Amino acid sequence: MQNELLQELEARGFINQASNMDALNDALNSGKITAYWGTDPTGDSLHVGHLASLMLMRWFQKFGHRPITLVGGATGRIGDPSGRDKGRPMMTDEQIAKNCAGLRKSISKFINFDDGQAIMVDNYDWMKNYSHLDFLRDFGSDFTVPRMLSMESVKRRLDNGMTFLEFNYMTFQAVDFLELYKQHNCILQFCGADQWGNSIMGIELVRKKLGKEVFVLSTSLITDSNGNKIGKSAGNAVWVNEDKTSPYEYYQYFRNTPDDLVEKFLKIFTEIPLDEIARLAALQGAEINQAKKVLAFAATEIAHGRDAAVAAENASSALFGGGADMSNVPSVEISMDADMGILDFLVATELFASKSEARRMVEQGGIQIDGNKIADIKYIVSVADEYMVQKGKKTFLKVINK
């Protein structure tokens, strides 16, 4: 009999690959189990590209099991080569600590850690105890070079300079699975499709060291409308933490989901029942916008809470639906006691990090102030109490001159 959790995950499109589905099904039917999902601190927030695995963990917890979330303080010092054409830049200890704190904030939006219902770990806590000699002595004979070279993440990097540092990444990740099995009886790892090879190495290590079977379940990668992986390095990230992407912008991202992805996103990013999703997905023509509003509200409510979702919905209605209440539109305060050039003004609002970025957007006709398109980079913004700035088609910002 198929386990109810696996039925839910399969129906929602979470499952990409499983190492031994029958045995995993039996383990889930036998009682509460522990599973983990990990991420490296390459940034100080999760983004939408991470959320398939994290929402999977959320469902895992809802069905009564215990999740472990791992922040890779150790593996982050190496850099995962999976899906990359070059090595990651090295980070300082201070950067790693800052990023780990930001990731904990992101994860806590989706996973309930109250009363030990879930735990969060850092693999640096055990990896820091190994010298290079100790690590080679304890694990060096458990990994063969031919097996490591067979991994797709390695093969695609061999021709453009994969370092010995990166080559060791998969061994660290395998040791994580071994440690979590020994410390917490963790028998399942969740991962994205691009982490499948690294995760399988953990299964093999646990089998070699302890003679036990553990499992891996991977999810498909989330892509944008052009089929590109959503991620920080791809430049199209929508962040989970509100200091990087506001709840309004988060809402608008889902509100603008392409028609052909609405059903998929409803299943992955919300907890709406499947029969209601089927009804929403069947809407045609202009009515599909109602489904997009439901998607945007439900996804935003999970990540930012109901109050933020209501505020984002109201702001969107005010801007695009003819509503009158503009109080929930994202705003920023600047200090402007004299007329200001458009490029300086845009940088002051923090819509752009530099004048060169602002210049390109102005020259492309992508800036409006109070409904007027600004195409002249020498345009002067006159002093006023308040401005409504539009960047592109979807980003609005109320600028208050304090």
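Please treat every number below as a calculation from the coordinates, not as lab data. Remember, it's a predicted structure, so these values are computed and weren't measured experimentally. Glycine also receives a Cβ, built like all others from the backbone with ideal geometry; neighbour counts cover every protein chain displayed.
For a quick check, take a GNM of the chain with Cα springs below 10 Å and name the residue from ILE268, ILE68, ILE119 with the largest mean-square fluctuation.
Per the Cα network of the chain with a 10 Å cutoff, ILE119 tops the list.
With a cut-off of 8 Å between alpha carbons and a minimum separation of six or more residues, what is the relative contact order of the chain in percent?
Numbers: 615 pairs, mean separation 61.0, N = 402.
Computed over the chain, the figure is 15 percent.
Which of the trypsin sites (Lys or Arg not before Pro) across the stretch 341-401 are loop residues per DSSP, with 16 or fewer other Cβ within 10 Å? Mind showing how you got there, number by number?
Numbers: sites: LYS355, ARG359, ARG360, LYS373, LYS378, LYS391, LYS393, LYS394, LYS398; in loops: LYS378, LYS393, LYS394.
Here the sparse-neighbourhood loop sites are LYS378, LYS393, LYS394.
Amide H of GLN189 versus every other amide H placed in the peptide plane: which residues, excluding those fewer than 5 positions away on the same chain, fall under 5 Å?
The list, which skips near neighbours in sequence, is TYR36, PHE215, VAL216, LEU217.
With a 10 Å cut-off between alpha carbons and a GNM built on the chain, which of ASP114, ASP44, ASP125 moves the most?
So, out of ASP114, ASP44, ASP125, the one fluctuating most is ASP114.
Placing +1 at every Lys and Arg Cβ and -1 at every Asp and Glu Cβ, with all other atoms neutral, what dipole size does the stretch 247-320 have around its Cα centre, in debye to the nearest 20? Kindly include the intermediate steps, with their values, before the conclusion.
Working: 7 positive and 11 negative charges, 12 e Å.
Roughly 60 debye for the stretch 247-320.
Can you tell me the 0 to 90 degree angle between the C-alpha axis of helix 93-108 and the longest principal axis of the chain, rounded to 10?
In the chain, helix 93-108 runs at an angle near 80 degrees to the longest axis.
Looking at the chain, what % of its DSSP beta bridges pair antiparallel, to the nearest 5? If you can, show how the numbers build up before the last one.
Details: 17 of 39 bridges.
Here the antiparallel bridges make up roughly 45 percent for the chain.
With each run of n ≥ 4 DSSP H residues scored as -39500 (n - 2.57), what mean residue ellipticity at 222 nm is computed for the chain after dividing by its residue count and rounding to the nearest 500 deg cm²/dmol?
Working: 18 runs with 175 residues, N = 402.
Computed ellipticity for the chain at 222 nm equals -12500 deg cm²/dmol.
Hey, if you put +1 on the Cβ of every Lys and Arg and -1 on every Asp and Glu Cβ in the chain, which of MET21, GLY305, THR171 ends up farthest toward the positive end of that dipole?
Projecting each Cα onto the dipole axis, the largest value belongs to THR171.
Pick from THR34, THR92, THR219 the residue whose mean-square fluctuation is largest in a GNM of the chain, springs joining Cα atoms under 10 Å.
THR92
Go through the stretch 140-156 residue by residue and turn each phi into a ³J(HN,Hα) via Karplus (6.51, -1.76, 1.60, θ = phi - 60°); whole Hz please, and just put x for glycine and proline.
x, 7, 8, 10, 9, 4, x, 5, 5, 5, 6, 6, 4, 5, 7, 4, 6
Can you tell which of ALA52, ILE334, GLN183 lies farthest toward the positive end of the dipole of the chain, using +1 and -1 charges on the Cβ of basic and acidic side chains (Lys, Arg; Asp, Glu)?
It is GLN183, whose Cα lies furthest towards the positive end.
Short version: ³J(HN,Hα) in whole Hz for each residue of the stretch 17-27, in order, from phi by Karplus 6.51 cos²θ - 1.76 cosθ + 1.60 (θ = phi - 60°), x for Gly and Pro, what are they?
9, 9, 6, 7, 4, 5, 5, 5, 4, 5, 5
Using a simple charge model, +1 on the beta-carbon of Lys and Arg, -1 on the beta-carbon of Asp and Glu, nothing else, what dipole does the chain show about its Cα centre, in debye to the nearest 20?
Working: 44 positive and 52 negative charges, 159 e Å.
Roughly 760 debye for the chain.
Report ³J(HN,Hα) in whole Hz for each residue of the stretch 338-347, in order, from the Karplus equation J = 6.51 cos²θ - 1.76 cosθ + 1.60 where θ = phi - 60°; Gly and Pro get x.
8, 4, 9, x, 4, 5, 5, 4, 5, 5
Can you give the % of DSSP beta bridges in the stretch 4-219 that are antiparallel, to the nearest 5?
Values: 2 of 20 bridges.
Taking every DSSP beta bridge within the stretch 4-219, about 10 percent pair in antiparallel fashion.
Checking the cross-link filter: which lysines have an alpha carbon closer than 16 Å to that of LYS32, excluding same-chain neighbours under 8 positions apart?
Counting by Cα, and skipping residues close in sequence, LYS32 has these lysines nearby: LYS62.
Of the cross-linked pairs LYS105/LYS267; LYS98/LYS398; LYS98/LYS355, which ones have a Cα-Cα span greater than 32 Å in the structure shown?
Details: LYS105/LYS267 24 Å; LYS98/LYS398 30 Å; LYS98/LYS355 28 Å.
As for pairs spanning more than 32 Å Cα to Cα, there are none.
Report, ordered by chain and residue number, the aspartates and glutamates lying within cross-link reach of LYS244, taken as a straight Cα distance under 13 Å and ignoring same-chain residues fewer than 8 apart.
ASP44, GLU350
How high is the FRET efficiency between GLU204 and ASP243 when r is their beta carbon distance and R₀ equals 56 Å, given to the nearest 0.05? Mind showing how you got there, number by number?
On the way: r = 40 Å, r/R0 = 0.72.
Between GLU204 and ASP243 the formula returns 0.90.
Which residue, chosen from GLY72, VAL240, ILE111, occupies the Cα position most advanced towards the positive end of the dipole of the chain, where the dipole is computed from +1 (Lys, Arg) and -1 (Asp, Glu) charges on Cβ about the Cα centre?
Working it through, the farthest residue towards the positive pole turns out to be GLY72.
Hey, how many Å between the Cα centroid of the stretch 1-21 and the Cα centroid of the stretch 98-124?
25 Å
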